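Note sheet for the following structure.
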Amino acid sequence: MAQFKLDGVAIVVGATGGIGREVALTFAEAGVKGILLADLVTSAEVAEQTKFLASNPAFKCLSTRVDVTDVASVDDMVKLAVETFGRIDYCVNAFGVDVAEYVPFQQTSPEDYDRVLAINTKGPFLVTRAVGRAMLSQKPVQVDLGRLGHRDVGRGSIVNVSSAAALVAVPGKVPYVTSKHAVTGVTKAAAIDFKSACIRVNQVCPTWVRTPMFEEECRRVPQMPELLNKISPIKRPIEPDEVAAACLYLCSPSAVSVNGHTLTLDTGLLVGPTIG
Ligand SMILES: NC(=O)c1ccc[n+]([C@@H]2O[C@H](COP(=O)([O-])OP(=O)(O)OC[C@H]3O[C@@H](n4cnc5c(N)ncnc54)[C@H](O)[C@@H]3O)[C@@H](O)[C@H]2O)c1
């Protein structure tokens with residue numbers, strides 16, 4: 001459900017996943033003229049749905065395989081987007097993995113630590129680096145906002161889908177918690193280095209989202225739905241479209257002043273404990 005209008009070109013990385021799929025569909029509905037759907041495993045279903053929902057008559061969509069841990073693979077993905085569409089206006093990094101097993105700190109496997117950080121932290125670094133380079137070489141854009149007149153929106157917007165685990169620790173997930181805290185560093189470091197070129201980099205930090213990753217968490221921790229029912233005022237996981245809407249806002253002309261920011265989607269969980 002698109003609440004803001006976009007008319008540029010997007011890359012959605014992790015587009016086959018629960019959140020990435022919804023970001024692609026939402027951006028298509030919002031009017032983008034092109035999307036590159038990138039993932040380790042591509043999905044014909046996501047590409048078809050994205051085309052079906054696109055509101056821009058000139059819409060084009062392309063799928064490509066990318067491994068975000070691999071420099072050449074990431075650079076090739078960005079090259080493909082620029083060759084196909086001429087520029088990149090929005091990039092949403094919606095890929096990621098959880099830990100192999102939930103174990104206390106002292107039992108954490110160094111191999112799993114490296115694996116999770118390679119995808120969840122180095123991945124956003126490599127994609128932001130490559131997309132940032134492409135954005136630096138393109139002209140800034142001005143959009144027509146109707147009654148509000150024309151507005152400069154800069155060279156582009158990058159959104160990292162991080163996690164509430166970037167802000168607080170959760171037990172038994174050292175690699176995941178560390179990887180997501182580090183995404184805050186990637187986001188802020190990119191925002192400060194790119195800001196003079198009018199390229200914005202922000203992150204969204206949701207708690208549990210109803211996706212395959214959450215289903216897997218429920219399988220490992222069967223009391224999860226009951227816990228959510230107790231601690232969350234909405235008594236359910238966040239829906240992927242609610243995360244996609246936050247990404248859409250951060251890429252929209254309405255967010256040109258938002259940079260290096262963390263948009264927390266936590267139903268108030270992290271504000272403080274409920275008493276009584
Ligand atoms: N689902 C949740 O409860 C939740 C909560 C907070 C944050 N997040 C974060 O949201 C993001 C998306 O998660 P999701 O719930 O949609 O998960 P998901 O498992 O549905 O999708 C993740 C996607 O990432 C892709 N991916 C994994 N490794 C990759 C690689 N090396 N290169 C390219 N793509 C790769 C997978 O193929 C998959 O399509 C993740 O960063 C996750 O940490 C999820």
The range 92-111: number of residues that are over 17 Å from ALA165 (Cα atoms) and either open to solvent by less than 20 Å² (accessible area, probe 1.4 Å) or in a helix (DSSP H, G or I) (or both): 5
Residue in the range 192-249 that is nearest to the ligand (Cβ to nearest atom), counting only those that are among the basic types (Lys, Arg) and surrounded by 14 or more Cβ atoms within 10 Å (Cβ to Cβ): ARG210
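Quick grid of which residues meet (1) of a type in the set (Val, Ile, Thr); (2) within 25 Å of the chain's Cα centre (by Cα):
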residue	(1), (2)
GLN106	no, no
PRO110	no, no
LEU126	no, yes
LEU136	no, yes
VAL143	yes, yes
Tally of residues being on the phi > 0 side of the Ramachandran plot and surrounded by fewer than 19 Cβ atoms within 10 Å (Cβ to Cβ) across the range 117-170: 2
Qualifying residue in the range 23-34 (condition: charged (D, E, K, R) and under 20 Å from ALA118 (Cβ atoms)): no
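Assess whether LEU25 counts as being part of a helix (DSSP H, G or I), within 15 Å of the ligand (Cβ to nearest atom), at pLDDT 95 or above and among the hydrophobic types (A, V, I, L, M, F, W, C).
yes
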Pairs, first free of Cβ contacts under 8 Å to residues at least 24 places away in the same chain in the range 173-189, second more than 12 Å from the ligand (Cβ to nearest atom) and outside any helix (DSSP H, G or I), C-beta under 7 Å, six or more apart: VAL177/ALA169
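The values are calculated or read from the model by the stated rules, or taken from the named source; none is laboratory data. For clarity, every value in this text was computed on a predicted model and none was experimentally measured. Positions of Cβ are generated from backbone atoms using ideal geometry, with glycine treated the same way; all protein chains shown enter the neighbour counts. We work out accessible area using only protein heavy atoms, side chains counted, and drop any ligands, DNA or RNA first. Shrake-Rupley method; radii C 1.70, N 1.55, O 1.52, S 1.80 Å.
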